[in-house]
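So the structure is just underneath, and the comments pick up after that.
The values are calculated or read from the model by the stated rules, or taken from the named source; none is laboratory data. Keep in mind that this is a model prediction, so the values were computed, not measured. Glycine also receives a Cβ, built like all others from the backbone with ideal geometry; neighbour counts cover every protein chain displayed.
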Amino acid sequence: MAKGKYEYWLTPEGLLQLEGWARDGLTDEQIAGNMGIRRETLYAWCKKYSNISNTLKKGKEVVDRQVENALLKRALGYHYDEITMENGIETKRVTKEVIPDTTAQIFWLKNRRPDKWRDKQDLQVSGALETEQSKLDDLIRQMRGGDG
């Protein structure tokens, strides 16, 4: 395989390799390195060749879903069986509980429901801004008994 040649990466074998790297969690920079090109070249090829772009998205989607599922599982808590084996025979089975993780819950809510859970809330403020000088000017006008 001639590294750095886009033609190979458009073949079924090349696309399968790209999808695998993306699914394995490699960064774009690592994928480009494996291809023998710079990250900027990979981005240019993604723009020019939709097959490369779509393949990388497809591969990343798989691992992204796995991470989302793991985060949700950790946020909600879960049970699992711990099995002790001796000489290939199960000798003990204990059901254990992983309690819900508040950090995972906060992360989930801040990202999934930012309207309610983000740290920075957008507040609307209306009305005139009044300075101490403008208050003083108003008081002097009132004392003078008029507008001027």
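Tabulated data for the structure shown
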quantity: Residue list for the range 3-27, filter: without any contact (Cβ under 8 Å) to a residue 40 or more places away in the chain and assigned to a loop (DSSP other than H, G, I, E, B); calculated: Lys3, Gly4, Lys5, Thr11, Asp24, Gly25, Leu26, Thr27
quantity: Exclusive hit being modelled with pLDDT under 95, of a type in the set (Phe, Trp, Tyr) and surrounded by 14 or more Cβ atoms within 10 Å (Cβ to Cβ), set Tyr49, Tyr6; calculated: Tyr6
quantity: Number of the exception - Arg113 against (1) loosely packed, with under 10 Cβ neighbours inside 10 Å; (2) out of contact with any Phe, Trp or Tyr (no Cβ under 7 Å at 6 or more places or on another chain); calculated: (1)
quantity: Segments classed as helices (runs of 4 or more DSSP H), wholly inside the range 56-148, with at least 1 members that are within 30 Å of Asp28 (Cβ to Cβ) and small (Gly, Ala, Ser); calculated: 102-112
quantity: Condition check for Lys57: surrounded by 12 or more Cβ atoms within 10 Å (Cβ to Cβ), basic (Lys, Arg) and at pLDDT below 95; calculated: no
